[in-house]
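Where a number appears in this text, it was derived from the coordinates with a stated rule and is not lab data. This one's a predicted model, so the numbers in the text were calculated from it and none came from an experiment. Here the Cβ positions follow ideal geometry from the backbone for every residue, glycine too, while neighbour counts run over all protein chains shown.
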Amino acid sequence: MAESTQRLSEDLKSGHSEVDWKALSGFRTVLVHDYLGIDLVRVFESVQAEMPKLKSAVESMLKQIGKKGDG
């Protein structure tokens, strides 16, 4: 998921500042490269706290993209 967000345009992401896109990308890097030192409770808490914002942003982006495709 975090890797996929790197493929989104900066223009699209800039419209959703409620998501810390840079931190999300960095989170992936930590998970991949420091998997032995990961605090699973902290990961779970982070996902619980941030997922609603990410979900809302992605749903909004999908609507925005859909509108562009309709025109």
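Computed per residue of the chain from DSSP H runs no shorter than four, each worth -39500 (n - 2.57), the mean residue ellipticity at 222 nm is -24000 deg cm²/dmol. The trypsin sites (Lys or Arg not before Pro) of region 1-67 that DSSP puts in a loop, and whose beta carbon has at most 12 other beta carbons within 10 Å, are Arg7. In the chain, the longest principal axis of the Cα atoms and the axis of helix 40-70 are about 10 degrees apart.
Farthest towards the positive end of the charge dipole of the chain, among the residues Val47, Leu31, Val19, is the Cα of Val19, using unit charges on the Cβ of Lys, Arg, Asp and Glu. Cα extents for the chain along the principal axes, largest to smallest and rounded to whole angstrom: 49, 20, 16. The modelled label-to-label distance for the pair His33/Gln6, using points 7 Å beyond Cα in the direction of Cβ, is 1.0 nm.
Dipole size in debye (nearest 20) for the chain around its Cα centre, Lys and Arg Cβ +1, Asp and Glu Cβ -1?
240 debye
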